[in-house]
Amino acid sequence: MPIITLTTDYGTQDGFVAQMQGVILGLSPESRLVNVTHEINPFAVMQAALVLKGISRYFPPGTIHCAVVDPGVGSDRRNIALRTGNQIFVGPDNGLFSLLLTEEIPWEAREIQNSEYIMPDPHPTFHGRDVFAPVAAHLSLGKAFESVGNMIQDPVRLPVSSPRISKEGVEGQVIHIDRFGNLTTNIDSRMLPNSIKTISIAHWTISRMSKYFNEVQAGEPVALMNSFGFLEIAVNRGNAAQDLGIGKGTRVSVQFAG
Amino acid sequence: MPIITLTTDYGTQDGFVAQMQGVILGLSPESRLVNVTHEINPFAVMQAALVLKGISRYFPPGTIHCAVVDPGVGSDRRNIALRTGNQIFVGPDNGLFSLLLTEEIPWEAREIQNSEYIMPDPHPTFHGRDVFAPVAAHLSLGKAFESVGNMIQDPVRLPVSSPRISKEGVEGQVIHIDRFGNLTTNIDSRMLPNSIKTISIAHWTISRMSKYFNEVQAGEPVALMNSFGFLEIAVNRGNAAQDLGIGKGTRVSVQFAG
Amino acid sequence: MPIITLTTDYGTQDGFVAQMQGVILGLSPESRLVNVTHEINPFAVMQAALVLKGISRYFPPGTIHCAVVDPGVGSDRRNIALRTGNQIFVGPDNGLFSLLLTEEIPWEAREIQNSEYIMPDPHPTFHGRDVFAPVAAHLSLGKAFESVGNMIQDPVRLPVSSPRISKEGVEGQVIHIDRFGNLTTNIDSRMLPNSIKTISIAHWTISRMSKYFNEVQAGEPVALMNSFGFLEIAVNRGNAAQDLGIGKGTRVSVQFAG
């Protein structure tokens, strides 16, 4: 039973996602559907890119991820399929897969061209239902990845802000705020030495790395490596974004010890 | 594996939908459950009717749709099952299925009377769990549609506002606002000639029909036929309801060319 | 096909729940996943406890419920599995299962100690994915409940406010507000005689028990036994919490008849 996951900014209230699920189950009745999220902020391609990066290593080999955050639907942006490691992704070529195009894992991208895999006369504003859902369904039936269309070398990559690293420390920024108000930065674990002096964000200074939230008192800020693999600033039993008054893009600097 | 879809105004936070799913899986362990939406506004029967119309043609033959938006639960309103085309719908008889009772597709409605298909002593405020879920489950096991109860000819139909059509143009209104703030009107594609002069809504005038959002600049209003088959007013990469300050019921008029 | 349900305060926007689902499907490909809710308010252990109590009797024997509302994740709070009746629950030992530890149904609790059932090096802030999801998956494969770890006699119980009962009446409080704004109290059906005189809440007095909402006019308050088995105050076709201006903890008193 092949797994197909769905990630969109459609919300659920209008039934758009259900239409996609109906199409998939019609073509691939044995497939298992997993709804990742449909609560991506409208048009927030980068937010979806981070979610996709987060989930991709936790699904079994052969999982097909259908992802649609697609402000340019109907225009001449390409529709693509991407294979990286043992996972396949299907969606618009607008940077949604930026964080999966890494040097560590070989990838192959193809433009969706095979008209047998898409609905006849796809609706110009609903490629989720008429293009990406049926392509995912066909791939789940075992159709060859290569049969989707021609290989492309230049899938769109969104610019990702990189932290500035020096001998004294590293300076990055908040790139994601999760449901709990926890602040994910773009500083990953490889950028941090074992021993740090301070972490500064807005008017707050944190003097050590923790492993879990409860190492500090309730209401106090805490810094740790989160499950995405990035430095995170949280407030124990609080909401860091609200409690510290911090939004996406806020600067975070880590000063290394001695 | 029969498919059962669920559409409610229950939200998910209280576990009500999960109780329905538990009941269904207890009776029909092989059934496939698809959550269409549980975010219908409380008691918004017409909103659910539009969602049901939208999804019905995208599910495989034999799909059973269990829909519960039910402000009159426990009173003497009837419980019904409806077969239209190759789809079955189960829910309260309060107009929820209004948009499926068309002349184009033959339908048959029955009152739910067979006590073998419902829970003993159903809770007076939770027919979703104790009536509609088990009826859907029994039908998914292959029980005859006719065995539900007696045929009825007069399922409740909510009044649907019809656009006013003349030689010069058509005047309708906004009937649905989707997650993106896009405005669905009650003007369908058959009411529009190939060539139009203007589309007016609030203080805005749009001079042509587009096929997709990106045909206009970001922030500009755009008119197109949406995936429900209705005229839609949107704002490219924006939120028309917010940006234009428009709510449900707002008048939309289309002036035909020449 | 074993059933695994998921109840968390993770929301869906960040993909955390999907990571759990990926882990479960990797270990237990045949399992059926049911999302109960991920909209528990952050850290609201008691809210989740009520939802779990509500759903537990509606799922088939052998269902495994994985529940994670876990502000103390990573600290020394225990991870536990609980068997009660024919259902199994897996989650943190922080009171989440308080309402399932009853005298009526025998239960057995065990600390999760078997390292074969958890991910190597579990992330200190994400036991949902690295501990509870894989334990649920292993149990769904038929591993013995006893193999999880040692029996414990003292799972954490949150204090539950009990109503004050006298000959004249019973005084309780609002413990839950559902999606419709309906007010669930802690007064259960066994505390009420057949005949009552009045029910008072805030400035409102209700003079009889109803069976369903529509027994009173739209906009009027109504008292009934809800599907959790508790006294509920609602407003027909309204939102009692908003319309009556009432929050959790508000006192409710029932005066018995003569």
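Computing FRET efficiency as 1/(1 + (r/R0)^6) for B:GLN113 and B:VAL160, where r is the C-beta to C-beta distance and R0 is 22 Å, gives about 0.20. Fully extending the segment from A:ASN239 to A:ARG57 would add 62.8 nm, taking 0.36 nm per residue of separation and subtracting the current Cα-Cα distance.
Any chance you could run the full-extension gain for C:ARG208 through C:GLU146? It's 0.36 nm times the residue separation minus the Cα-Cα distance, nm to one decimal.
On the way: separation 62, 0.36 × 62 = 22.32 nm, distance 4.93 nm.
Stretched out fully, the C:ARG208 to C:GLU146 stretch lengthens by 17.4 nm.
Charges were assigned to the Cβ only: +1 to each Lys and Arg, -1 to each Asp and Glu. The resulting dipole of segment A:1-88 about its Cα centre is roughly 360 debye.
Annotation for B:ARG208, label-to-label distances across the other copies: 6.7, 6.7 nm (shortest first, one decimal, point 7 Å from Cα along Cα→Cβ). Over the protein assembly as shown, dividing the summed -39,500 (n - 2.57) contributions of all DSSP H runs of at least 4 residues by the number of residues returns a 222 nm mean residue ellipticity of -4000 deg cm²/dmol. Here the dipole of the protein assembly as shown is about 540 debye; that uses its Cα centre as origin and unit charges on the Cβ of Lys and Arg (positive) and Asp and Glu (negative). Note on chain A: GNM, Cα springs under 10 Å; of A:LEU82, A:LEU33, A:LEU96, the largest mean-square fluctuation is that of A:LEU33. Taking every C-alpha pair closer than 8 Å and separated by at least 6 residues, the mean separation divided by the residue count of segment C:68-165 gives a relative contact order of 32 percent. Using Cβ point charges alone (K and R +1, D and E -1), the dipole size of chain C about the Cα centre works out to roughly 720 debye. Taking 20 Å as the straight-line reach from the Cα of A:LYS197, the lysines in range (excluding those fewer than 8 positions away in the same chain) are A:LYS167, A:LYS211.
Mean separation of Cα pairs under 8 Å and 6+ residues apart, divided by the residue count of segment C:107-163: what relative contact order is that in percent?
51 percent
Between copies, the label points of A:VAL156, set 7 Å from Cα on the Cα→Cβ line, lie 4.6, 4.6 nm apart, reported in increasing order to one decimal in nanometres.
Sorted from nearest, the other copies put their B:GLU103 label points 6.9, 6.9 nm away, the label point being 7 Å from Cα in the direction of Cβ. Summarising the rotation from chain A to chain B, the nearest chain A beta-carbon to the axis and its distance in Å are given as A:ASN35, 4.
Counting only aspartates and glutamates at least 8 places from B:LYS143 when in the same chain, those with an alpha carbon closer than 14 Å to its own are B:GLU116. What is the sum of charges around A:LYS211, taking Lys and Arg as +1, Asp and Glu as -1, for the other residues whose C-beta is under 13 Å from the C-beta of A:LYS211? After counting each charged neighbour, the total is -3. In chain A, a dipole from Cβ-located charges (positive for Lys and Arg, negative for Asp and Glu) runs towards its positive end, and of A:ILE105, A:SER140, A:VAL216 it is A:VAL216 whose Cα lies farthest in that direction.
Note on segment C:167-226 and segment B:27-84: Cα centroid distance 29 Å, given to the nearest whole angstrom.
Each Cα pair under 8 Å and six or more residues apart adds its separation to the average, and for chain B the resulting relative contact order is 16 percent.
Between A:GLU104 and C:GLN255, the C-beta separation translates, for a Förster distance of 45 Å, into a calculated FRET efficiency of about 0.05.
No value in this document is a laboratory result; all are computed from the given coordinates. Everything quoted here is computed from the prediction, not taken from an experiment. Don't worry about glycine lacking a Cβ; one is built from the backbone with ideal geometry, like all the others, and counts go over all protein chains shown.
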